[in-house]
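Heads up: the structure comes next, in C-alpha cells.
The values are calculated or read from the model by the stated rules, or taken from the named source; none is laboratory data. Just so we're clear, the structure is a prediction, and the values are computed from it rather than from any experiment. Cβ placement follows ideal geometry from the backbone for every residue including glycine, while neighbour counts extend to all protein chains displayed.
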Amino acid sequence: EMDTQAWQVLDRAHYLHPFTDHASLRQTGSRVAVRGEGVYVWDTEGERIIDGLSGLGCVNVGYGRPELVKAAADQMSELSYCQSFFKTTHRSAVTLAEKLTSMLPDSLNHVFFQSSGSEANETAVRLLRRYWNLVGKPQKRVIIARELAYHGSTHMAASLSGITPMHFAGGDLPLPTVTHIKTPYQYRNGFGMDPEAFGILAASWLEERILEIGADNVAAFYAEPAQSAGGAICPPMSYWPEIQRIGRKYDVLLVVDEVVMGFGRTGKWFGRDFYGIVPDIMQVGKGLTSGYLPLSATIISDRVADVLIEQGGEWAHGYTYSGHPACCAVALENIRILEEEGIVENAGKVLAPYFKAKLETFADHPLIGDVRSVGLMGGLEIVKNKATREAYDYEAHIGDHCSAEALKRGLAFRANGDTMSLMPPLVITTEQLDTVFDIAREALDATAKHFGV
Ligand code: PLP
C-alpha cells in the first residue's frame, strides 16, 4: 500500500500536469484524489472536497453515476471501436448526431465528432477555410476572436484564445490570421454605463474591427456565449443580438464555442438558448458526457455543410477517435439523465437564482470589486482598491492564495487571474451551495487577513 507521500513523490518525478507551475507544485505536492460521488471528491487522506468547479466545468451530472458506467461498458462489450473514415458508421454516433441536431435550431443539422474542445476548434477553423475557399472567397481568412477568450491549447485554439501568457509561451502566437477585440467585460471596459447600452457598445467593437480589416477578408467572429476561463465574463442581453446583426450585415460567420456553456451551465440547454444566438458553427464538449469520457462535437449549419458535401469532394480532416462508440453511448445516456431528471430546468429555475443571490452577498467583502454570474457560473473579482478598481500585482498571486485557502477547508474554488470562479455540478443542492459559499467566505476572509486588508 502506497501512502499519500509516496504517490506525491512519483507524481513529481514523472507526471507533468497541465497548466501547472511545477516549481510551486514541488513545494506543496499534489492532492491525490481517489473517489468521487455526487458533488464530492475524496483524497488519499480521507478528506472530502466539495467540487465547486465540476472538475473543469464538465461534471454536470456529478460523479459516480452507475448508468454512465454501464453505458460505456455495454458499448465496449458490443463494439469497442469503430472508424468512420471508410464508409462505415455505428449506431451510437448516428443516434447522438441526430439527438444533438434535434436540440438545436433547424439550421444546425450536421455534426462532426472529436475528443476535446481544442480539437473541435481546430475542426471549426479548418472548416471555415474550406468553406470560404469552396464558395470562391479564399481571401476571407481573418478570424476575429476576443481578449480573455479560452478556446483550448492546440496551436490554433491557443491563438484564438485571448489569454496572453498562452501566446508568449509559444513565442509565435497568435497565428497571423487571428485578431482579438475587447470583450463585454463591463467592470473593466464600460464601468458605470447602463448595461444594455454597454452591450451595444461592446458589439460595435466587432463592427469597428471588421471595417478596419475589410469585410472581404474576415472569415468569422469566434466567441464563447459567456467567458468562463477569462473570469466569468457575462454579457448584457443586448450584446448577442447586436453581434448577430453585425455578422449578417458583413457576411461574417458566427462560431460559438459552447464547450463550457453547453448542457445546462446557463440554466438553459445551451448558451445560445440563453442569449438568443443562432450560430453557423457551434462546438460542445465537456458537459456532453459530463466528463465521463472525452468527446466533443462541432455542430455545423446547412449553409456550411451543404457546400462541403456538394462541392467539396473528400474533406481531408478527421481523428482516429472521431465518434468513438463508448464516448457517444455515454453522451446519449448523459443527455437522457439530464432530460429525465429535469437537471437543466432545475439549474435554471431553482439553483441559478439562489446561486446569484448568494454570490451577490459578497459585493461588500473588502476584497471583492465585482460580482458576475450566469446560471451556475459565477465570478468574484478580487481588487486591491475597490474605489479605483486597481488590481493586485500579478506576482502577488492573490487568487491562487485564496484558492489554496479554500482547498484547505474542503472546497475546489478556482482563480482565473484574480477572479475567483465557481461552477458547481448542476445536481448540487441549495444546502450544498450554502456550504460552498460558507467556505468561499472563510477563504476570502483568510486571504484578506494574509494580505493585511
Ligand atoms: N473552449 C472553451 C470555452 C473552454 O473553456 C475549453 C476548456 O476549458 C476549451 C474550449 C478546450 O477544451 P479541451 O480542454 O477539452 O481541449
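For the stretch 257-276, a residue qualifies if it is of a type in the set (D, E) and surrounded by fewer than 24 Cβ atoms within 10 Å (Cβ to Cβ), and exactly one does: D273. The set of residues from the stretch 271-295 being more than 12 Å from the chain's Cα centre (by Cα), more than 10 Å from the ligand (Cβ to nearest atom), over 19 Å from S238 (Cβ atoms) and not acidic (D, E) comprises I281, M282, T289, S290, Y292, L293.
Residues to consider are T44, T4; find the one that is in contact (Cβ under 8 Å) with a residue 24 or more places away in the chain, among the polar types (S, T, N, Q), farther than 22 Å from F270 by Cα and in contact with a strand residue (DSSP E or B) (Cβ under 6 Å, 6 or more places away or on another chain). Just a single option satisfies the conditions, and that option is T44.
Of the helices (runs of 4 or more DSSP H) lying entirely inside the stretch 36-127, those containing at least 2 residues that are within 16 Å of the ligand (Cβ to nearest atom) and either touching a helix residue (DSSP H, G or I) at 6+ places or on another chain (Cβ under 8 Å) or within 19 Å of A331 (Cβ to Cβ) (or both) span 54-57.
For the condition away from the ligand (no atom under 15 Å from the Cβ), at pLDDT below 95 and farther than 18 Å from I233 by Cβ, A169 qualifies.
Confirm whether S204 is more than 16 Å from the ligand (Cβ to nearest atom), farther than 20 Å from F112 by Cβ and either hydroxyl-bearing (S, T, Y) or under 22 Å from the mean Cα position of the chain (by Cα) (or both). Considered against the rule, which asks whether it is more than 16 Å from the ligand (Cβ to nearest atom), farther than 20 Å from F112 by Cβ and either hydroxyl-bearing (S, T, Y) or under 22 Å from the mean Cα position of the chain (by Cα) (or both), S204 comes out as yes. The condition of being more than 23 Å from N416 (Cβ to Cβ), of a type in the set (D, E, K, R) and crowded, with 16+ Cβ neighbours inside 10 Å holds for only one of R245, R209, that being R209. Taking the stretch 314-366 as the range and being polar (S, T, N, Q) and loosely packed, with under 13 Cβ neighbours inside 10 Å as the test, the residues that pass are T320, T361.
So that you can scan it fast, the table gives a plain yes or no per residue for (1) under 25 Å from M156 (Cα atoms); (2) touching a residue at least 12 places away in the same chain (Cβ under 8 Å); (3) more than 24 Å from the chain's Cα centre (by Cα); (4) not assigned by TED's automatic domain parsing to the domain that holds L426:
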| residue | (1), (2), (3), (4) |
| --- | --- |
| P18 | yes, yes, no, yes |
| A23 | no, no, yes, yes |
| L56 | yes, yes, no, no |
| D74 | no, yes, yes, yes |
| C82 | no, yes, yes, yes |
| L100 | no, yes, no, yes |
| M103 | no, yes, no, yes |
| Q114 | yes, yes, no, yes |
| S118 | yes, yes, no, yes |
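Of the residues making up the stretch 208-262, those that are hydroxyl-bearing (S, T, Y) and within 16 Å of the ligand (Cβ to nearest atom) are Y222, S228.
Listed here are the residues, each with its yes/no results for (1) modelled with pLDDT of 95 or more; (2) touching a Ser or Thr at 6+ places or on another chain (Cβ under 7 Å); (3) closer than 15 Å to H151 by Cα; (4) hydrophobic (A, V, I, L, M, F, W, C).
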residue: Y222; (1), (2), (3), (4): yes, no, yes, no
residue: A232; (1), (2), (3), (4): yes, yes, yes, yes
residue: Y239; (1), (2), (3), (4): yes, no, no, no
residue: K249; (1), (2), (3), (4): yes, no, no, no
residue: W269; (1), (2), (3), (4): yes, no, no, yes
residue: R272; (1), (2), (3), (4): yes, no, no, no
residue: K286; (1), (2), (3), (4): yes, no, yes, no
residue: S290; (1), (2), (3), (4): yes, no, no, no
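A residue that is modelled with pLDDT of 95 or more, within 13 Å of the ligand (Cβ to nearest atom), buried (at least 23 other Cβ atoms within 10 Å of the Cβ) and under 14 Å from A120 (Cα atoms) can be found somewhere in the stretch 298-313.
Could you count how many residues in the stretch 357-388 are of a type in the set (D, E, K, R) and either closer than 20 Å to A412 by Cα or at pLDDT below 95 (or both)?
4
Here is a check on your reading of the model: is P236 farther than 23 Å from A157 by Cα, touching a Phe, Trp or Tyr at 6+ places or on another chain (Cβ under 9 Å) and surrounded by 15 or more Cβ atoms within 10 Å (Cβ to Cβ)? Yes; evaluated as a whole, the condition is true for this residue. Listed by position, the helices (runs of 4 or more DSSP H) enclosed by the stretch 128-208 that each have at least 2 residues that are under 25 Å from V284 (Cβ atoms) are 155-160.
Beta carbons closer than 7 Å, at least 6 apart along the sequence or on distinct chains, pair a first residue in the stretch 438-453 that is surrounded by fewer than 17 Cβ atoms within 10 Å (Cβ to Cβ) with a second that is not in a loop (DSSP other than H, G, I, E, B) for H450/H401; F451/I398.
With the requirement that a residue be touching a residue at least 60 places away in the same chain (Cβ under 8 Å), hydrophobic (A, V, I, L, M, F, W, C) and over 18 Å from L100 (Cα atoms), what does the stretch 229-282 give you? Hits for the stretch 229-282 are A229, A232, I233, C234, V252, L253.
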